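The structure under discussion appears below in the form of structure tokens.
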Number of protein chains: 2
Amino acid sequence: MNQDYITPNEWSIIEDGFDKGRVKSSESLFSLGNGAMGQRANFEETYTGETFQGSYIAGVYYPDKTRVGWWKNGYPEYFAKVLNAPNWIGIRILVNGEEFDLNTCTKVENYQRELNMKEGWHKRIFTATTPYGIELKVEAKRFLSLAHDELGVINFNIIPLNQSAEISFIPYIDAGITNQDSNWDDKFWEITNVQNEEKQAFIESHTNKTHYYVCTFMESKLLLDGNEIDVTAEKASTDKQASLQYTQQVEKGQSFSIQKYAGYVTSLNHEKNQLIDAAKQVLAEGIQLGYDALLKLQQEAWANIWAMSDITIEGDVKAQQGIRFNIFQLNQTYLGKDARLNIGPKGFTGEKYGGSTYWDTEAYCIPFYMATKDQEVARNLLTYRYKHLGKAIENAEKLGFTNGAALYPMVTMNGEESHNEWEITFEEIHRNGAIAFAIYNYHRFTGDYSYIPEMGMEVLIGIARFWQQRATFSTHKNKWVILGVTGPNEYENNVNNNWYTNYIAKWCMEYMLENLNILKQGFAADYARILEKTNIQDQELEQMKEICDAMYFPYSEEHGVYLQQDGFLDKEMIRVKDLDAKQRPINQHWSWDRILRSPYIKQADTLQGFYFFEDHFSETELEKHFDFYEPFTVHESSLSPCVHSIQAAKLNRMEQAYQFYLRTSRLDLDDYNKEVEEGCHITSMAGTWMSIVEGFGGMRVKDDQLHFSSKIPTQWDSYSFKVNFRNQILTVKVSKSGVDFKLKGAEQMQVMVNGESRMIQTETMSV
Amino acid sequence: MNQDYITPNEWSIIEDGFDKGRVKSSESLFSLGNGAMGQRANFEETYTGETFQGSYIAGVYYPDKTRVGWWKNGYPEYFAKVLNAPNWIGIRILVNGEEFDLNTCTKVENYQRELNMKEGWHKRIFTATTPYGIELKVEAKRFLSLAHDELGVINFNIIPLNQSAEISFIPYIDAGITNQDSNWDDKFWEITNVQNEEKQAFIESHTNKTHYYVCTFMESKLLLDGNEIDVTAEKASTDKQASLQYTQQVEKGQSFSIQKYAGYVTSLNHEKNQLIDAAKQVLAEGIQLGYDALLKLQQEAWANIWAMSDITIEGDVKAQQGIRFNIFQLNQTYLGKDARLNIGPKGFTGEKYGGSTYWDTEAYCIPFYMATKDQEVARNLLTYRYKHLGKAIENAEKLGFTNGAALYPMVTMNGEESHNEWEITFEEIHRNGAIAFAIYNYHRFTGDYSYIPEMGMEVLIGIARFWQQRATFSTHKNKWVILGVTGPNEYENNVNNNWYTNYIAKWCMEYMLENLNILKQGFAADYARILEKTNIQDQELEQMKEICDAMYFPYSEEHGVYLQQDGFLDKEMIRVKDLDAKQRPINQHWSWDRILRSPYIKQADTLQGFYFFEDHFSETELEKHFDFYEPFTVHESSLSPCVHSIQAAKLNRMEQAYQFYLRTSRLDLDDYNKEVEEGCHITSMAGTWMSIVEGFGGMRVKDDQLHFSSKIPTQWDSYSFKVNFRNQILTVKVSKSGVDFKLKGAEQMQVMVNGESRMIQTETMSV
């Protein structure tokens, strides 16, 4: 943890001072993304110090051949790798013919990085002295356009301070990149064309195996003291790289700038043999608009995003910075415009974990997107899984299931499983439950039932069939059991009767049965179509009911709690606080077997069930389970503190809730786990949002109404959040004196505050 | 399974007819070894068909960098790979300048391979017609000398039958070999010198990382119609290979022969910079003795081995062939002369599994070596583990254990763990128990207590300390439990309270305490030394007693049996015989998770405990457990049928015992698992021996006496086996009319037959 790294600021992430040891971490934190592409905060100019280069294109992946020690039947053939894409940001700089490189400068002063979250850009300013004594003032600003999401723009400005100098800008694009994360050092990219024109350059390449075609392109403008000048470029290219060199004599105090317009067009959105034409079109539009107009569009686009999603916190700058950083990164990662995409755990900030879709999306991200975007965005996330239903059925078949049983993958890009540890891939089957829960949650929040007859019912049937086949009858217990699973707490493997899994399995089957009945009653055509398509039989439905009626749940009479799994009480029940602090995090200090036989919980497991199914349990039951499990929870998953923060707030343990909140919201900014250089924890950022809205804000949806039971940490003066509830934007402001609302929308809204009804009048008709 | 592959014969393994599809399988079955080196039955001449080349040097391995999907704390850095060593057998043959190759011959007739187990040699004879129509009669015989264990000898004889021909023999040695089993395609060997002299050739090479230096050498004699002739060699060499070409015009009907003397000298036994001198010495001795004398020595050496270890079976040639094959292969693999070596699961017949030492050695092999060799051999196997005690303590430390607790590795070459699946490496800890049991077993059988004060006590203390720390107290059960283990049945992972593991853990601690007391009473000097060295405290001993007194054993009142582990009865208890036959073997048809949650047992687990600790349980208890577990056992480990055969025999279920016996004894000869081309199952061959001696023969050692309760399968007329019991060789002959004994040794021996004492007089004084 490093609390002094990032300068507190309400709207910006700021790093003051140049520290070579922090370069990789800052490259993660200051990443940019626009939903379609993303870029780590690598320097434009050459940097010979330690760096982790990362440019990413949403939806472009490589199916890297699986690597395991001993092959086990059922392993997937590949692991989908997030691909480092060609470099479009590069601008080499020569000063009197010498390479400019912060790693070799003799002095770097007044260095500041800013990630401006309000407007969506990244800037570095500094003064540096080259080995030959030339003092340069540099300002480099860039953004990935939201309005034109195939385009990135860089404005790189240099002023020689102590003498005149010949300065060359050498903007380049480079497809000779590799992945750090690679199983067998396969060659991921094939380059087919490197083309240098008068002012533009293009590289055509495609991924091996998946055959995504990408054209990386660039064009630049040069400015002297702010006025565009015509400098003839020297062209150069290799088999991997294209560059154009612009050289200019720059007087002391004069400013020389390059504006680079660059980016990708891909076969995801264009004909693969017309990519250069498409790239020229993008460049033409970008150049015509120009840097200032594009920047203005960027500011407007982010203003629109914040108008629907901002959270303010008064009286606690670090908390304010934390939550905005989370909201900003989520929006950089996924904007919901493209139903083929999803929310990777590292977004566009790193390669780790591979794939794009985990159960994180359904369990943590959907509430955020439902409340801060148009309804269509969450629906797109549900549609994504509907489109993968066929693959989920195939995946279950590979594991021996039949008759349309569907097991959604643990990790995927295209619906196929691409995770390959048996204890996760084969056994962490609770993920299927989160996907059904998201359907329920979507309907509960939006009131839009149409997804269920149109698509969701088929998903629910596939999932219910899986649970029906996966549960087995124990004659010994005279109950249905689910053996050999890994629950959300991945510090247990291959356990029997994980309470969370058994509970959500039962719920999935019941929810499917309930909705099938609704369709039967009110959606005759859909019902007939689904019956025909799935061929679901009464006998199956009967058996599901039987299983639900006699599902086994491990319970301790002594403690009055459900047990996380069979045998949990046999462990050495030493609380986390009684552990030697030097042993933590245990995943860095203990061998895997030791972790497994310990009672320590990586992330909410039983409590995750209490979170999803809050209404099924009394507050006393919640308290009992919270008091039983939290002391054994090490929160070594980024997805853990948010659930605990919400539940602590509900239990009026505000100081504990606040500590959990800080941990989740500033996880990356303060680098709690000393790993931010690998990338940011994107999906858990949605959990941070939930900590405020559902935790402190106490917001729930019940019977088509918003309910609030809002609290405020003592550290804060007030806070506010916005919710798009059924196409009206409600701003909720909580202060020590109570909760106030503002509503933008078509009609008044009744909300419940601490059990009492309150009618909110709309302020304006514009949404 | 292929019952018609090998021609039944009492003393030889015979293949009749040339079948290209069987070449790789025969290369395994007909392998040769002399304890120091081994050789798959690859052809000497060029063969362009499918083949799996394998030459091996005992003790020479490569630490191949570990390959896993996701790294887990505690994984070993490397997996020790059995290395394919330079080829010493190669003899290219040119007939009128054309390469002779069985794969391209137009006709191959009267092809017969023989592995003569009585005398220890391999021979191929055949008549083949080359593409140019030359008919050749070939006889190629070879052996790996037991008397000179760095030397192999080949006699290759050709007669052109239908015309005269110019024949070239091109004997070569070749270090340009690779491993099929490699994690990262590392280069395992470095070649430093290829040296061709007038009649000899040498290649010096060494392994990377481990730096074993090996000189591969050869020299040849040429004979025409049996008379040595002088043919001038043409020398040739590459950077990897050295060859000498001998060309001779051979008349129709004339016989042209080459005798090749070749092999390895290594830095295990010589100075690494004097290897060529050592090789010349070996060649000089070999050449001076000559082929016939060396063959005679070979016959004598094998006669000596058989004199101590032969088992005869009258009336069942296949059973006879099976048991001799097992005894032969065990002796080829390990002769007990070198305490640095051990018994790899594939011996010298393939690369699979890597490493050389598994718990197989202690659990299955030691009884065979104790009874068929001088006592020193088994003692060497125990000493091997004593020498690795320090590494076992380090291994335990890596997993968080302290204070001299020792965890012996699952797989090793040098004492370090080199297996890397967490569910095995970290959790299959019962292996520690087998190592302690072998100490007990050695003392029980040989009567030699000296190993315990000298070495064994320290091993027992390290092991007992491991169990003491590994057991934890369950306040819930008010018992000591052992959580998160894999038992001998590897079709269960990460289970709690595996009965076998808990039982042997308790036994290990009790046995240690008992022997510590014996030392305290009678071995004062050793006791003091061990106390000083291990610093074992009374408090530890007290806690061990506490654990032993309150160890938890899962038990089913309903079934009256100990349960393999907690929760075993929750499974779907469908018997193996009720499974669809097409689903078997389940490890080829089911995904891993499905296997894990099934009740199916890969190899004896609870029954393994009943085998080791037979005297702790009544025959009724054994029967109950056998009847409960055997129906769920799929025997997909080669180590399973032998234990079941022994127990079935004890329970007078002779037909079942016989079927289990056949399965274990002819596992490779009949290729039950369709995988013999990868190599033979060497360690389970010792289990076959136990099936006869302990199973049918009913031999036990109690109170320093041999006890017999012998039975005979109906299929057999009689059978006999030999046992070296305390330096006297007892031959036990069992027929339908009873059991007879012959004794060679110094004095009469009292044995117990079905509970009655019988005095056996010695026949001769020569042992």
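List of remarks:
- Residue count for the stretch A:730-757 satisfying the condition of being at pLDDT 95 or above and open to solvent by less than 10 Å² (accessible area, probe 1.4 Å): 5.
- The lone exception for A:ARG444 - which of (1) open to solvent by less than 30 Å² (accessible area, probe 1.4 Å); (2) in contact with a strand residue (DSSP E or B) (Cβ under 8 Å, 6 or more places away or on another chain); (3) in contact (Cβ under 8 Å) with a residue 60 or more places away in the chain it fails: (1)
- Of the residues A:MET544, A:MET573, the single one that is open to solvent by 40 Å² or more (accessible area, probe 1.4 Å) and aliphatic (A, V, I, L, M) is A:MET573.
- Filter pass, A:TYR369 being in contact with a Lys or Arg (Cβ under 7 Å, 6 or more places away or on another chain), closer than 27 Å to A:TYR61 by Cβ and open to solvent by less than 10 Å² (accessible area, probe 1.4 Å): no
- Lone unmet requirement of (1) over 13 Å from A:ALA201 (Cβ atoms); (2) in a strand (DSSP E or B); (3) open to solvent by less than 50 Å² (accessible area, probe 1.4 Å) for A:GLN245: (1)
- Tabulated pairs, the stretch A:482-510, first closer than 20 Å to B:GLU423 by Cα, second among the charged types (D, E, K, R) and part of a helix (DSSP H, G or I), C-beta under 7 angstrom, 6+ apart or interchain: A:LEU483/B:ASP570; A:LEU483/B:ARG597; A:GLY484/B:ASP593; A:GLY484/B:ARG597; A:THR486/A:GLU423; A:ASN493/A:GLU423; A:ASN494/A:GLU423; A:ASN496/B:ASP570
- Filtering A:ASP704, A:ASP670 for residues that are under 30 Å from A:TRP359 (Cβ atoms) and open to solvent by less than 70 Å² (accessible area, probe 1.4 Å) leaves a single hit, A:ASP670.
- When the residues of the stretch A:48-102 are filtered to those that are β-branched (Val, Ile, Thr) and open to solvent by less than 20 Å² (accessible area, probe 1.4 Å), the one that is nearest to A:GLY38 (Cα to Cα) is A:ILE57.
- Evaluated against (1) open to solvent by 30 Å² or more (accessible area, probe 1.4 Å); (2) hydrophobic (A, V, I, L, M, F, W, C); (3) touching a Phe, Trp or Tyr at 6+ places or on another chain (Cβ under 6 Å), A:MET509 falls short on exactly one condition, (1).
- When the stretch A:594-614 is limited to residues that are in a helix (DSSP H, G or I) and over 23 Å from B:ASN73 (Cα atoms), the one that is nearest to the other protein chains (Cβ to nearest Cβ) turns out to be A:THR606.
- Matching residues in the stretch B:451-485 - criterion: being in a loop (DSSP other than H, G, I, E, B), under 30 Å from B:SER598 (Cβ atoms) and either within 8 Å of chain A (Cβ to nearest Cβ) or in contact with a strand residue (DSSP E or B) (Cβ under 7 Å, 6 or more places away or on another chain) (or both): B:ALA471, B:HIS476, B:LYS477, B:LEU483, B:GLY484
- Candidates B:PHE52, B:PHE79, B:PHE30: the one that is within 14 Å of another protein chain (Cβ to nearest Cβ) and hydrophobic (A, V, I, L, M, F, W, C) is B:PHE79.
- Residue match in the stretch B:404-421 (condition: open to solvent by 10 Å² or more (accessible area, probe 1.4 Å) and of a type in the set (Val, Ile, Thr)): no
- Boolean, A:PHE626 is under 30 Å from A:TYR511 (Cα atoms), in contact (Cβ under 8 Å) with a residue 24 or more places away in the chain and surrounded by 22 or more Cβ atoms within 10 Å (Cβ to Cβ): yes
- Candidate set: the stretch A:554-570, residues that are in contact (Cβ under 8 Å) with a residue 40 or more places away in the chain and out of contact with any strand residue (DSSP E or B) (no Cβ under 6 Å at 6 or more places or on another chain); chosen: the one most open to solvent (accessible area, probe 1.4 Å): A:HIS559
- Only one entry of A:ASN162, A:ASN157 meets the criterion of being assigned to a loop (DSSP other than H, G, I, E, B) and touching a Ser or Thr at 6+ places or on another chain (Cβ under 9 Å), and that entry is A:ASN162.
- A:ASP149 vs. criteria at pLDDT 95 or above, in a loop (DSSP other than H, G, I, E, B), open to solvent by 30 Å² or more (accessible area, probe 1.4 Å) and among the acidic types (Asp, Glu): yes
- Unique match (being open to solvent by less than 30 Å² (accessible area, probe 1.4 Å), within 19 Å of B:ALA434 (Cα to Cα), part of a loop (DSSP other than H, G, I, E, B) and facing chain A (nearest Cβ under 10 Å)) among B:ASN489, B:ASN497: B:ASN497
- Qualifying residue in the stretch A:211-232 (condition: crowded, with 20+ Cβ neighbours inside 10 Å and in a helix (DSSP H, G or I)): no
- Qualifying residues in the stretch B:312-326 (those that are over 18 Å from the mean Cα position of the chain (by Cα) and of a type outside the set (S, T, N, Q)) - the one surrounded by the fewest Cβ atoms within 10 Å (Cβ to Cβ): B:VAL317
- Pair list, Cβ < 8 Å and 6+ apart or interchain, from the stretch B:583-604 residues that are closer than 17 Å to B:GLU421 by Cα to residues that are of a type in the set (Gly, Ala, Ser) and surrounded by 19 or more Cβ atoms within 10 Å (Cβ to Cβ): B:SER591/A:GLY74; B:TRP592/A:GLY74; B:ASP593/A:GLY74; B:ASP593/A:GLY484; B:LEU596/A:GLY484
- Number of the condition not met by A:LEU669 [criteria: (1) aliphatic (A, V, I, L, M); (2) within 14 Å of another protein chain (Cβ to nearest Cβ); (3) within 22 Å of the chain's Cα centre (by Cα)]: (2)
- Taking the stretch B:329-346 as the range and being of a type in the set (Lys, Arg) and surrounded by 23 or more Cβ atoms within 10 Å (Cβ to Cβ) as the test, only B:LYS346 passes.
- From the options A:THR349, A:THR361, residue that is in a loop (DSSP other than H, G, I, E, B) and open to solvent by less than 10 Å² (accessible area, probe 1.4 Å): A:THR349
- Members of the stretch B:388-433 that are among the hydroxyl-bearing types (Ser, Thr, Tyr), over 20 Å from the mean Cα position of the chain (by Cα) and away from chain A (no Cβ under 12 Å): B:THR402
- From B:ALA581, B:ALA528, B:ALA524, residue being at pLDDT below 95, more than 13 Å from chain A (Cβ to nearest Cβ) and either over 19 Å from B:PHE617 (Cα atoms) or surrounded by 16 or more Cβ atoms within 10 Å (Cβ to Cβ) (or both): B:ALA581
- Per-region count, the stretch B:168-190, residues part of a strand (DSSP E or B) and open to solvent by 50 Å² or more (accessible area, probe 1.4 Å): 1
- Condition check for A:TRP467 on (1) more than 25 Å from the chain's Cα centre (by Cα); (2) surrounded by fewer than 21 Cβ atoms within 10 Å (Cβ to Cβ): one failure, at (2).
The values are calculated or read from the model by the stated rules, or taken from the named source; none is laboratory data. Source: prediction; values computed, not measured. FYI the Cβ positions are ideal-geometry reconstructions off the backbone, even for glycines, and counts take in every protein chain you see. Side chains included, ligands, DNA and RNA excluded: accessible areas come from the protein's heavy atoms. Shrake-Rupley method; radii C 1.70, N 1.55, O 1.52, S 1.80 Å.
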